[in-house]
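Contents: one structure, followed by commentary.
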Amino acid sequence: MCAHLQDVPSTADCELEERDLLLVKERTTTMATKSPPPLMKKHSQSDLVSRLKTRKILGVGGEDDDGEVHRSKISQVLGNEIKFAVREPLGLRVWQFLSALMFTVIAVMALAFPDQLYEVVFDKGTVSSKTSTRLYGGALFSISLIIWNSMYTAEKVIIRWTLLTEACYLSIQLVVTTVAMIESGSTPLGASVLVCSCLLFVLVSGYFYYQLGRRPKKL
């Protein structure tokens, strides 16, 4: 009788162990056959959609009024000066070369031959002081260096400032030469040519300055 009672709990324990083993096998088989959810794929697609929405809200990626496609907000705000290389006004480089050459020639004459330059302009004898004429030549030579260097850049802002510097200097020289002619009561041929040349250079430089600052028309 006692031996029979000892056999009962051992049979129940075996059945429990068998059930546990079956459950473990079922779970293992289910985990092995079940494919992992495409969480990474959905996550990457959602990130791409959100990035596209953000770029659309910021206005990046599409064409602007000038027909240029900006790839970042920084380039859209600051602009891109590379496109200016194919949109510069016709004759700009030729005008820069002529201006630089004119300033260089007059500067060399003022530095090396101050008396002859003064005599050509005002039809008078030698100047009382050569220092002022040579200082004039030094100023012209400095401006000529700026113009020469501006020929090797495609940045619109630098070229515009160079043209503005040239126009301002020639405007001052035009006013000073005109006042000197009025005070002397005579109109020398050299001074008249100088005044006309200054006026022409101011007008042409102002024209190119305006063309560089003008926005292209919308189509």
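Quick notes on this one:
- Pair list, Cβ < 7 Å and 6+ apart or interchain, from segment 159-180 residues that are free of Cβ contacts under 8 Å to residues at least 60 places away in the same chain to residues that are open to solvent by 40 Å² or more (accessible area, probe 1.4 Å) and hydroxyl-bearing (Ser, Thr, Tyr): Arg160/Tyr209; Leu163/Tyr209; Leu164/Tyr209; Ala167/Tyr209
- First in segment 90-114 and free of Cβ contacts under 8 Å to residues at least 24 places away in the same chain and on the phi < 0 side of the Ramachandran plot, second anywhere and β-branched (Val, Ile, Thr) and in a helix (DSSP H, G or I), Cβ under 8 Å, 6 or more apart: Pro114/Thr133
- Looking across Thr104, Thr126, one residue alone is at pLDDT 55 or above and surrounded by fewer than 12 Cβ atoms within 10 Å (Cβ to Cβ). It is Thr126.
- Any hit, segment 134-149, residues being open to solvent by 90 Å² or more (accessible area, probe 1.4 Å), closer than 20 Å to Leu98 by Cα and modelled with pLDDT of 85 or more: yes
- Considering residues of segment 150-183 that are among the aliphatic types (A, V, I, L, M) and buried (at least 16 other Cβ atoms within 10 Å of the Cβ) only, the residue modelled with the lowest pLDDT: Met181
- Any hit, segment 184-194, residues being in a helix (DSSP H, G or I), open to solvent by 60 Å² or more (accessible area, probe 1.4 Å), over 19 Å from Pro89 (Cβ atoms) and of a type outside the set (Gly, Ala, Ser): yes
The values are calculated or read from the model by the stated rules, or taken from the named source; none is laboratory data. Model, not experiment: these values are computed from the prediction. Virtual Cβ from ideal backbone geometry, glycine too; neighbours counted across all protein chains shown. We work out accessible area using only protein heavy atoms, side chains counted, and drop any ligands, DNA or RNA first. Shrake-Rupley method; radii C 1.70, N 1.55, O 1.52, S 1.80 Å.
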